[in-house]
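Student: Below you'll find the structure I mean.
Throughout, read-outs are computed from the coordinates displayed, never taken from laboratory work. For clarity, every value in this text was computed on a predicted model and none was experimentally measured. Don't worry about glycine lacking a Cβ; one is built from the backbone with ideal geometry, like all the others, and counts go over all protein chains shown.
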């Protein structure tokens with residue numbers, strides 16, 4: 001995994017994909033008012049184009065592209081690096097952030113007759129800050145700079161939870177902040193131990209130098225605990241449901257679809273890129289067991305929720321559990337299948353869950369509530385909204401054709417190929433439980449009861465939500481070339 005000593009063709013794009021949202025934040029602060037909204041809406045399509053250009057260069061090169069900041073190679077300088085999974089995540093983040101920006105426009109537009117609105121300015125700046133932090137996480141190659149990106153991600157996400165200032169949202173944001181700060185301290189302590197032991201924080205150099213020593217294991221344990229808290233893996237999930245359920249729909253979509261994926265992405269970087277040569281079979285089993293517990297517990301609790309947004313939030317707890325099955329499955333003979341399954345689960349969940357939170361927000365505005373028992377007949381007056389929920393639920397359950405089906409099918413294949421049959425149990429049980437809570441939503445909505453709308457939904461917002469869930473379904477038709485692309489830059493145990 002040693003990197004080139006020079007910047008590779010297309011490497012400059014990695015700097016641009018970080019600078020674009022950062023410059024947008026600065027420009028939004030300067031003129032303020034309506035300009036923040038205009039800057040965000042104009043920059044997001046350019047960000048998508050940059051992400052696609054990075055993916056093109058990675059695919060054409062057949063290997064990761066690199067940019068050396070200041071022209072100095074590590075450890076003197078900092079390297080930005082994009083491999084297959086980085087490029088895919090950059091594209092996914094750009095799509096969801098763009099969708100969230102245009103979806104949120106009606107709610108967070110500066111009101112007429114007002115020069116500047118606190119909530120509007122906060123939303124547009126924080127959305128760009130989240131995007132910038134995610135881009136740094138996806139291409140960063142230095143553990144301390146990744147820590148800075150994690151902090152930016154946290155301090156941009158927390159204000160979105162309590163942007164409306166209600167007491168329950170402030171309480172949810174404070175709980176989120178406490179868990180995030182614990183995660184940050186734990187992660188930073190691990191980073192300090194790595195630097196003290198090896199004199200560098202560059203991912204590629206660490207992969208060449210780390211050995212199975214008590215210091216390395218302590219650092220890995222601290223960093224993993226911190227990242228698990230930020231990812232909300234069961235039982236460190238207590239902050240996620242109230243935060244995601246009480247935030248505005250656009251913010252909930254970004255939090256669930258992208259923010260928790262940032263810390264999970266760094267967990268992958270830690271164990272598969274920095275520590276691939278360590279004998280970590282027991283660690284993989286522990287993470288797999290925690291993921292299995294999350295699948296079952298999150299699904300069971302979701303079944304008991306009275307509010308739609310809380311149900312979707314607890315579903316996120318369950319779906320995060322599937323991600324951690326990649327650790328025991330992406331090893332040995334099944335490593336390529338397990339790796340593909342994990343990435344497909346990240347993408348399918350991101351698009352499906354963002355679409356479902358968009359739809360839940362539309363439903364709450366249209367009906368004046370999101371109580372599941374009061375949804376009788378709602379599908380007849382909100383057909384597009386419930387079509388989106390149904391298609392998103394299809395992917396969460398893991399039914400074909402959908403990205404969720406591809407992810408879970410690949411996980412089952414990896415379980416069988418590696419002889420780890422035990423992981424098939426939570427995968428199948430989670431699918432059945434997911435079918436149960438999706439059924440809970442659709443059954444009353446498809447009834448013949450009469451229901452009236454408080455406010456008709458905006459068709460543009462319904463189309464945005466439906467488009468995202470269409471992407472989640474389309475992932476089920478991904479060709480082999482897509483999975484080959486994910487292999488670019490994937491480290492192999494014993495060959496750092």
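Student: Say R0 is 30 Å: what FRET efficiency, to the nearest 0.05, do residue 72 and residue 151 get from their beta-carbon distance?
Tutor: The computed FRET efficiency comes out at 0.75.
Student: What ranking do 189-195, 335-341 get when scored by the average of other Cβ atoms within 10 Å per residue, highest first?
Tutor: 335-341, 189-195
Student: Over its Cα atoms, what ratio of radius of gyration to 2.2 N^0.38 Å does the range 187-300 give?
Tutor: So the range 187-300 has a normalised radius of gyration of 1.18.
Student: Sticking with this structure for a sec: Using 7 Å Cα-to-Cβ label points, what is the residue 413/residue 300 separation (nm, one decimal)?
Tutor: Computed distance between label sites residue 413 and residue 300 equals 3.2 nm.
Student: Follow-up. Classify the range 195-259 from the C-alpha gyration tensor, please: rounded if a/c falls under 1.5, else prolate or oblate depending on whether a/b exceeds b/c.
Tutor: prolate
Student: Right, here's the next one. For the chain, what is the mean residue ellipticity at 222 nm derived from helices alone (per DSSP H run of n ≥ 4: -39500 (n - 2.57); sum divided by total residues; nearest 500 deg cm²/dmol)?
Tutor: -23500 deg cm²/dmol
Student: Could you work out how far apart the two model spin labels at residue 481 and residue 182 are, taking each label as a point 7 Å from the Cα in the direction of the beta carbon, and quote it in nm?
Tutor: Each label point lies 7 Å from its Cα, and together they span 4.7 nm.
Student: Right, another one. So how tilted is helix 281-303 from the main axis of the chain? Cα-based, degrees 0 to 90, rounded to 10.
Tutor: 0
Student: Enter the angle in degrees (range 0 to 90, nearest 10) between the Cα long axis of helix 118-139 and the first principal axis of the Cα atoms of the chain, meaning the one along which they spread out most.
Tutor: 30
Student: What FRET efficiency comes out for residue 15 versus residue 448 if R0 is 45 angstrom and r is the Cβ-Cβ distance? Round to the nearest 0.05.
Tutor: Once rounded, the FRET efficiency stands at 0.20.
Student: Moving to a separate point now. Among (i) 24.1; (ii) 26.6; (iii) 22.5, only one was calculated for this model; which label is it, if the read-out is Kirkwood radius over Cα pairs in Å?
Tutor: Among (i) 24.1; (ii) 26.6; (iii) 22.5, the one derived from this structure is (iii).
Student: Would you mind checking the tilt of helix 383-397 against the longest principal axis of the Cα atoms of the chain, expressed as 0 to 90 degrees and rounded to 10?
Tutor: That helix lies at roughly 40 degrees to the long axis.
Student: Now for a different question. Could you rank the peptides 160-170, 89-99, 453-463 by their average count of other C-beta atoms within 10 Å per residue, with the highest value first?
Tutor: Answer by packing, highest mean first, reads 89-99, 160-170, 453-463.
Student: What does the C-alpha gyration tensor say about the overall shape of the range 265-380? Classify as rounded when a/c is under 1.5, otherwise prolate if a/b is larger than b/c, or oblate.
Tutor: Prolate is the answer for the range 265-380, as a/c is 1.5 or above and a/b outweighs b/c.
Student: Once you order the gyration tensor axes a ≥ b ≥ c over the Cα atoms, which shape class does the range 76-184 get: rounded for a/c under 1.5, otherwise prolate or oblate by comparing a/b with b/c?
Tutor: oblate
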